[in-house]
């Protein structure tokens, strides 16, 4: 049963929460998700967060899309946010996370969905799209068909240590360092985002992710990622979003991706990797692009 998150949202943009059970490798885990917009909307948009984050990174965009009449579902991947942790940390990765996404899509009842993936969520959705997942459209937020290992190395360098933080200012500072490239947020939105990314632990606070996922990030720093073959087999229309100063998606790579039919490029000024897409200026082009493709 969905329950409203306490927020003073405008009518029709309140954020609700829910949970679906996912089965993987013979063991179950809970997949937490948020929902926004009309529950009976014909268009369902699924938003996929980045590594070490949770569905809170889409709160702002979900409210904009919800107000525009879309039903928006934002899951927490296993080991992230308020979703369950796996007993075997080696299971964290594409097969498990794509399984979580399909569980949420099945819960929605939609035959096809529009998908927005940020960073890791973009890599996952690109792979799913080339394998024939039921995606009407695909929006990749600062992730592309080729990514140098220097990007994950920068994230690894800035990743907050997996220990307790004594107070809110300390954990807020750690998050600011990790997400500085995404650009600024209004103070009220930033406070809300931080509150959804942390939990009390002992006498302090901890970020909401399984620290064992660090192994996956360390593995990503061993090589560049070349997904051109998968990108060529994506069949649905796609919008590629790039932060102006991104170190994950090179401008030349983003431009080359538009050589695939039904692909457009949107560059977000004044930020680096993974723009927030929360402001009206950043979110409006996303809404406009989605509306070009009828249900």
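Each reported figure results from applying straightforward, stated rules to the coordinates on display, with no laboratory input. Just so we're clear, the structure is a prediction, and the values are computed from it rather than from any experiment. Please note: Cβ atoms are built from the backbone with ideal geometry, for glycine as well, and neighbour counts cover all protein chains shown.
Note that region 220-295 carries a Kirkwood radius of 13.7 Å, evaluated over its alpha carbons pair by pair. Considering only the Cα atoms of region 119-192, their convex hull presents on average a projected area of 7.0 nm². Consider all pairwise Cα distances in region 28-100 and report the whole-number % of them above 22 Å. Counting pairs separated by more than 22 Å, the tail of P(r) holds 26 percent. A Cα-only calculation for region 140-181 places Rg and Dmax at 13.1, 40 Å.
Kindly provide the helix-only [θ] at 222 nm of the chain, computed as the sum of -39,500 (n - 2.57) over DSSP H runs of four or more divided by all residues, to the nearest 500 deg cm²/dmol?
-9500 deg cm²/dmol
The alpha-carbon atoms of region 189-258 define a convex hull whose volume equals 176 cubic angstrom per residue. Based on the convex hull around the alpha carbon atoms, region 129-249 presents an average projected area of 9.2 nm². Within region 179-229, the proportion of C-alpha pairs whose separation exceeds 14 Å stands at 72%. Placing one identical point scatterer on every Cα of the chain and ignoring solvent, what is log10 I(q)/I(0) from the Debye formula at q = 0.07, 0.08, 0.13, 0.14 Å⁻¹? So the normalised log intensities work out to -0.23, -0.30, -0.87, -1.04.
Of 218, 248, the sequence from fewest to most neighbouring Cβ atoms within 10 angstrom is 218, 248.
Relative contact order, whole percent, for region 47-144 stands at 29, derived from Cα pairs under 8 Å and 6 or more residues apart. Region 1-149 has equivalent-ellipsoid semi-axes of 23, 18, 15 Å, by the square roots of 5 times the alpha carbon gyration tensor eigenvalues, sorted largest first. Counting every other Cβ atom within 10 Å of each residue's Cβ, 80, 130 order from fewest to most as 130, 80.
In percent, what relative contact order does the chain have, based on Cα pairs under 8 Å that are 6 or more apart in sequence?
Relative contact order of the chain: 19 percent.
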